[in-house]
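Bear in mind that the values in this text are calculations on the coordinates, not laboratory data. Keep in mind it's a predicted model, so treat the numbers as computed, not measured. Cβ atoms come from the backbone with ideal geometry, glycine included; neighbour counts cover every protein chain shown.
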Amino acid sequence: MNATYDKLYLFIDGEWIGGDARETVPVINPATQVELGRVPLATAADLDHALNVSQRAFDVWRNTVPNERARILKRAADLMRERAERTATLMTLEEGKPLAESRDEVLRAADYFEWFAEEARRIDGRVVPSNRPGVQQLVKRQAIGPVAAFTPWNFPAITPARKLSAALAAGCSVIIKPGEESPATALALARALDDAGLPKGVLQVVFGVPDAVSRQLIASPVIRKVTFTGSVPIGRLLSARAAEGVKPITLELGGHGPVLVFEDADVEKAAVDGAANRFRGTGQVCISSTRFLIQRGVYDEFVERFVSAAEALVVGDGMQPGTQVGPLANPRQLAKMEELVADAVAHGARVLTGGKRIEGQGYFFEPTVLADVPMDARVMHEEPFGPIAILMPFDTLKDGLAEANRLPYGLSAYAFTSNARTAIDVADGLEAGMIGINQYRIIATELPFGGMKESGHGSEGGAEGIEYYLTHKFISQV
Ligand code: NAD
């Protein structure tokens with residue numbers, strides 16, 4: 001299928017700036033390894049310009065009445081929906097996921113803009129009775145200031161959407177640096193916001209050498225808030241940079257999601273849906289279920305059903321109808337899968353299916369299921385972020401919870417049981433920010449998305465999501 005790709009730009013002060021006078025890097029289709037286009041890298045002067053503009057535009061946008069901010073965000077959501085087919089095509093070309101999943105992601109990204117358009121109208125405050133006669137005390141919530149946002153390549157619509165929708169609704173201006181590997185999708189969101197009437201300079205989209213961009217932006221006194229989605233090591237680095245300027249940071253840093261399957265569960269559902277969930281997005285999903293802990297009495301049945309569901313998945317180019325699992329997004333991820341499997345096997349793990357890259361064009365890796373993986377294998381500690389599932393038995397609820405909570409991650413966790421008591425105990429006991437009971441597809445616009453422990457802090461989405469772009473101020477008046 002010969003779908004076309006878009007020209008790529010920086011977007012600063014309402015101007016679409018092409019790459020003619022700037023260094024560029026290629027964007028590669030991970031299914032074909034063909035160069036789709038070249039993304040311009042912002043210079044230090046571009047970033048300074050973006051910072052100045054963001055400061056100026058913040059003063060305009062925070063004073064724009066909530067109804068007007070809401071109207072623009074809603075209009076942008078409508079445009080994203082109208083353009084969903086085109087944006088989904090761009091996403092599949094640059095990131096690799098099946099077209100239907102890209103379409104779904106664009107529509108869910110639009111939902112965030114609609115949700116936070118409504119929230120923009122509800123940034124109210126409080127009147128607090130004073131203990132001193134004649135004193136009026138108010139608590140106001142106000143936009144925190146210009147935001148620096150960094151998003152990765154794996155969900156190029158929904159991750160920028162979660163940050164932009166809440167920040168813009170709050171009245172903040174934003175400089176966003178999306179992943180350079182899938183830039184066109186984020187630019188499509190920016191185009192929708194621009195066409196919806198977002199004032200010039202309220203949003204800038206920049207690409208560049210990630211480390212240099214984050215260093216310059218976070219150090220600037222203009223930036224009052226930082227938000228990042230990506231790996232734990234980079235999250236830690238940006239956290240330290242934000243701390244230098246005493247700036248709040250929201251971090252969404254991935255996980256190693258456990259699934260507890262109890263003997264009283266619907267084992268078939270847990271296994272079949274589990275395989276679909278584990279290999280969705282080629283496993284490059286931070287809230288994915290990665291460690292399947294199965295109570296011993298149903299272990300063999302679960303393994304059989306899970307492996308056959310994994311083997312039935314259709315791997316291929318996301319542009320082809322019928323594809324269920326696309327390529328990995330880049331060669332780094334492919335090399336990492338090979339390393340993790342080799343290391344697990346060297347430590348004594350059994351490969352029940354998959355385990356190899358698929359020869360030919362594209363960064364394809366077989367859906368892989370590992371069993372009997374010893375604790376000293378890397379994959380038992382590191383987020384696989386690719387199509388590898390680990391199956392292991394457990395005996396009691398206490399043992400299962402101990403294994404589920406063993407790692408420093410705490411993003412998503414899942415449990416399957418038909419016993420209400422077990423469901424309550426396991427939901428209370430799991431150390432994770434997002435928990436699915438008897439289901440895997442749990443994310444919703446109206447719920448707070450975020451983790452605990454080293455998976456990060458802060459929430460995106462839900463009524464909570466806007467708080468991270470607001471500051472509290474009290475006014476005490478006699
Ligand atoms: P990474 O953390 O190096 O990169 C993730 C994103 O952060 C990229 O888009 C990159 O441009 C950006 N980035 C990298 N260094 C940066 C810096 N110094 N300043 C600002 N931005 C920076 O991860 P990766 O190599 O792309 O992927 C490897 C691992 O990262 C994965 O195995 C996974 O664990 C994790 N990851 C998690 C998510 C998530 O959704 N939480 C997304 C992507 C990657």
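A DSSP coil position with no more than 15 other Cβ atoms inside 10 Å describes the following trypsin sites (Lys or Arg not before Pro) in the stretch 304-407: Lys356, Arg406. Where Lys and Arg each count +1 and Asp and Glu each count -1, what net charge lies around Phe416 among other residues with Cβ under 11 Å from its Cβ? Overall, the nearby charge balance is -4.
Modelled spin-label separation between Lys200 and Ala44, with each label point placed 7 Å from Cα along the Cα-to-Cβ direction: 2.7 nm. For Thr250, the amide hydrogen comes within under 5 Å of the amide hydrogens of Val226, Thr227, Phe228, counting only partners 5 or more places away or on other chains and with H modelled in the peptide plane. For the stretch 257-437, a Kirkwood radius taken over Cα pairs fed into Stokes-Einstein (10 °C, viscosity 1.306 mPa s) yields D = 97 µm²/s. By the rule of a C-alpha distance below 13 Å, with chain neighbours fewer than 8 residues away ignored, the aspartates and glutamates paired with Lys473 are Asp124. Looking at this model, which pairs from Lys247/Lys398; Lys269/Lys398; Lys74/Lys269; Lys177/Lys269; Lys163/Lys398; Lys7/Lys97 are more than 32 angstrom apart at the alpha-carbon? From Lys247/Lys398; Lys269/Lys398; Lys74/Lys269; Lys177/Lys269; Lys163/Lys398; Lys7/Lys97, over 32 Å: Lys247/Lys398; Lys74/Lys269; Lys177/Lys269; Lys163/Lys398. Here the Karplus relation 6.51 cos²θ - 1.76 cosθ + 1.60, evaluated at θ = phi - 60°, turns the backbone of the stretch 317-332 into coupling constants of 5, x, 7, 7, x, x, 5, 10, 10, x, x, 5, 6, 7, x, 4 Hz, with x for every Gly and Pro. Viscosity 1.306 mPa s, temperature 10 °C: what is the translational diffusion coefficient of the chain from Stokes-Einstein with a Kirkwood Rh over Cα pairs, rounded to a whole number of µm²/s? Once the numbers are plugged in, D ends up at 69 µm²/s. Residues in the stretch 339-356 carry Karplus couplings, in order, of 5, 5, 5, 4, 5, 5, 5, 4, 8, x, 6, 9, 8, 7, 7, x, x, 10 Hz; the curve used is 6.51 cos²θ - 1.76 cosθ + 1.60 with θ = phi - 60°, and Gly or Pro positions show x.
For the stretch 268-398, what is the percent of antiparallel DSSP beta bridges, rounded to the nearest 5? Roughly 30 percent of the DSSP beta bridges within the stretch 268-398 come out antiparallel. In order along the stretch 63-76, the phi-based Karplus estimate (6.51 cos²θ - 1.76 cosθ + 1.60, θ = phi - 60°) of 3J(HN,Hα) comes to 9, 7, 5, x, 4, 6, 4, 4, 4, 5, 5, 5, 4, 4 Hz; Gly and Pro are listed as x. Under 5 Å from the amide H of Val261 lie the amide H atoms of Leu293, Ile294, Gln295, Phe416, each residue being 5 or more positions distant or on a separate chain, with H modelled from the backbone and absent for Pro and chain starts. Computed with the Debye formula from one identical point scatterer per Cα of the stretch 95-247, without solvent, the log10 of I(q)/I(0) at q = 0.09, 0.13, 0.16 Å⁻¹ comes to -0.34, -0.65, -0.91. Between the C-alpha center of the stretch 200-237 and that of the stretch 297-370 there is a gap of 33 Å.
Considering only Ala309, Leu340, Ile390, and ranking their Cα positions along the charge dipole of the stretch 257-437 that arises from unit charges at the beta-carbon of Lys, Arg, Asp and Glu, the one farthest toward the positive end is Leu340.
Put simply, the amide H of Leu203, placed in the peptide plane, has neighbours under 5 Å in Val174, leaving out anything fewer than 5 places away on its chain.
When Rg and the Kirkwood radius Rh are both evaluated on Cα atoms of the stretch 43-125, their ratio Rg/Rh stands at 1.10.
Rg and Dmax of the stretch 286-366, both derived from C-alpha coordinates alone, stand at 14.3, 42 Å.
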